Structure formats: C-alpha cells, structure tokens
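Enquirer: Once you've had a glance at the structure underneath, I'll fire off some questions.
The values are calculated or read from the model by the stated rules, or taken from the named source; none is laboratory data. As the structure is a computational prediction, the values presented were derived from the model and not from experiment. In this analysis, Cβ positions are derived from the backbone assuming ideal geometry, glycine residues included, and neighbour counts consider all displayed protein chains.
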Amino acid sequence: MELGFFKSLDSRDTPLNRLDGRLKTVFFLLLTIIAAIVRHWYLALGLWLAALAAYSTLKLSWHPLVHRLLMPFSIAWLVFLSVMFTNGNHPLWTILEYPFSLVVYREGLALGFLMMLRIMAAVTMASLLSFSTPMAEILETLRSIKIPDIMVDIAELMARYVFVLEETAHNMSRAQVSRTTCQISWMDRIRNTGAVAGYVMVKAFDRSIKIYNAMLARGYSEENPPTPYFNSSISSADIRKGAVMMTVPVAVLLVNYLV
C-alpha cells in the first residue's frame, strides 16, 4: 500500500507537483538544514507551520504525514524531557527530591522546546519533499550537485527495495502470528520480533549480493558516467518561482543571525 501511494504522487496536479524537481530538491533540502540549526524557537515553529501549510496544498490525506511524523515526534519528546531535566542553572520546578533530585531548569525547558521544534520542522520539510517529488528526480538532483555517485546509487537501491523488505517483514510477522494458537507473553513477542528482524536482514544481505552481481553482469561500473536524467533545462517560469522561493531561507537566516 505504501508503494502504491508513492507511485500515485506523480499524477497529482498541484502547483508544488508541477514545479521543477531540481528546484524543489535544493529548496527543501536547504530548508531542512536551516530548520535543524535555527537558534530561535519561533523560526523553527514558523518553518514547521509553513511546511504543514504547503502539505495541505498537495491534496493528500493527512494520514501519511502523521504516520511519517510519529517516530520523529517520539524521539523529539524524549529529547525534550532529557534536556529539560539536565541542562541549565536556574530551577523552575522541583518534581522529585527523594530518592533522587528531579528538577526542571529554565534553560533546559527553552532548549528542549527548541530542539523538539527543530526535529519536527526538519522532518516535515524532508517529508514534504518526498511527497511532492519523485525519488528519481531527488536522487538525480543530488548527483547533479556533485554528491558522490556511489552514495546516490546506494540511496537509489535503498529507496527501491525498502518496500520489498517491509513487505517481507510484514508477511513473515503475519505468518508467525497465524501459527500461534495461544496468547504469548511480551518477552516472547520481543524474541519473535528479533528473530523476524534477523531473518529479514540475512535475506536482505543475500539479495544485495545477487543484485550487485546482476548489475556487474549488465556492465555496471562506478567509473562509468551515469546517463543524464534531465533532458531539458529549467524553464524560465520555474526559475522565477525559484528565485521568489529562495527569499524564504535567506530571510530566515538573516533573522536567525541578526536578531
């Protein structure tokens, strides 16, 4: 279902989908990096809200984005809690005194909130790029800006076969559950999950060797220049749109370092 969802993205006719993939890739990757380094919470919050607003123009359900943000949000929440109790010199509240001290610091609260917003804004920007741009255009844009070819090739194979691994793991887990006739403990569930993960990794390693050998048999070499993907230059209309869009990261950087 996930693979079918991504295949259906190309057919959507929205302003963001129609924009040249090279411009979108550079723009959203730049905003992702900026979102991860901003020093003010209101800039991170503004970038996050702007990304959510841009996603609403894609005419997609919110479920894929929410599903994509669940894991980063849990990590961001853990970062917020850990920093809140460990960073700072000015206590705000004392939650626990015995058997150990648990104090919320003012500096930790501010830093944790900023880091949480950074994570959510950066992940949402990256997700917005993947939802609005075919993976082939993203990878070829990275190749065109001189990212090493071997890294782009590995990323391309990962993007192509991650759905196969996901489907294999899902089928194995479902088969395992179907063969269980009684309620099992949570320790057995953890053990079974580890067994499934280990088997999937072994299968992935074996398949990667077969794929690489097949590529070599078809003439693949790291020294061979890749076939150009983009056959035309960026249109003048998209260049004008890109120039207007680039005012956003410039403005954010100015506010970040001057205010």
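Enquirer: Select from segment 107-141 the residues that are surrounded by 22 or more Cβ atoms within 10 Å (Cβ to Cβ) and of a type in the set (Gly, Ala, Ser) and list them in ascending order.
Expert: Those that are surrounded by 22 or more Cβ atoms within 10 Å (Cβ to Cβ) and of a type in the set (Gly, Ala, Ser): 108, 112, 121, 122, 132.
Enquirer: Something else now. Is there a residue being surrounded by 14 or more Cβ atoms within 10 Å (Cβ to Cβ), out of contact with any helix residue (DSSP H, G or I) (no Cβ under 8 Å at 6 or more places or on another chain) and not in a strand (DSSP E or B) anywhere in segment 91-98?
Expert: No: segment 91-98 contains no residue that is surrounded by 14 or more Cβ atoms within 10 Å (Cβ to Cβ), out of contact with any helix residue (DSSP H, G or I) (no Cβ under 8 Å at 6 or more places or on another chain) and not in a strand (DSSP E or B).
Enquirer: From 248, 244, which residue is touching a residue at least 40 places away in the same chain (Cβ under 8 Å) and either more than 23 Å from residue 152 (Cβ to Cβ) or polar (S, T, N, Q) (or both)?
Expert: Answer to the check: 248.
Enquirer: A further question on this structure: Among what's in segment 130-163 and is β-branched (Val, Ile, Thr) and in contact (Cβ under 8 Å) with a residue 12 or more places away in the chain, pick the residue that is farthest from residue 52 (Cα to Cα).
Expert: 150
Enquirer: Would you pick out the residues in segment 195-227 that are of a type in the set (Val, Ile, Thr) and in a helix (DSSP H, G or I)?
Expert: Within segment 195-227, 196, 200, 202, 209, 211 qualify.
Enquirer: Next question, about the same structure. For residue 88, are the conditions met, namely being in the same structural domain as residue 66 (by TED's automatic domain parsing) and in a helix (DSSP H, G or I)?
Expert: Taking the combined requirement at face value, the residue does not satisfy it.
Enquirer: I would also like to ask the following. Would you check which residues across segment 210-255 are polar (S, T, N, Q) and either under 30 Å from residue 41 (Cα atoms) or touching a strand residue (DSSP E or B) at 6+ places or on another chain (Cβ under 7 Å) (or both) and list them?
Expert: If the condition is that a residue be polar (S, T, N, Q) and either under 30 Å from residue 41 (Cα atoms) or touching a strand residue (DSSP E or B) at 6+ places or on another chain (Cβ under 7 Å) (or both), then 247 is the only one that fits.
Enquirer: Restricting to segment 142-159, and then to whatever is among the aliphatic types (A, V, I, L, M) and outside any helix (DSSP H, G or I), can you tell me which residue is surrounded by the most Cβ atoms within 10 Å (Cβ to Cβ)?
Expert: Of everything passing the filter in segment 142-159, 147 is surrounded by the most Cβ atoms within 10 Å (Cβ to Cβ).
Enquirer: Ok, one more. Taking segment 24-45 on its own, how many of its residues are buried (at least 18 other Cβ atoms within 10 Å of the Cβ) and more than 16 Å from the chain's Cα centre (by Cα)?
Expert: Selection size over segment 24-45: 3.
Enquirer: Which one of these is of a type outside the set (S, T, N, Q) and not assigned by TED's automatic domain parsing to the domain that holds residue 57: 68, 106, 160?
Expert: Residue meeting the stated conditions: 160.
Enquirer: Here is a list: 232, 178, 221, 185. Which entry is surrounded by fewer than 10 Cβ atoms within 10 Å (Cβ to Cβ), modelled with pLDDT of 80 or more and among the hydroxyl-bearing types (Ser, Thr, Tyr)?
Expert: Step by step, each of 232, 178, 221, 185 is checked, and only 232 is surrounded by fewer than 10 Cβ atoms within 10 Å (Cβ to Cβ), modelled with pLDDT of 80 or more and among the hydroxyl-bearing types (Ser, Thr, Tyr).
Enquirer: Residue by residue through segment 46-82, note down the ones that are among the hydroxyl-bearing types (Ser, Thr, Tyr) and either free of Cβ contacts under 8 Å to residues at least 24 places away in the same chain or exposed (fewer than 14 other Cβ atoms within 10 Å of the Cβ) (or both).
Expert: If the condition is that a residue be among the hydroxyl-bearing types (Ser, Thr, Tyr) and either free of Cβ contacts under 8 Å to residues at least 24 places away in the same chain or exposed (fewer than 14 other Cβ atoms within 10 Å of the Cβ) (or both), then 56, 57, 61, 74, 82 are the ones that fit.
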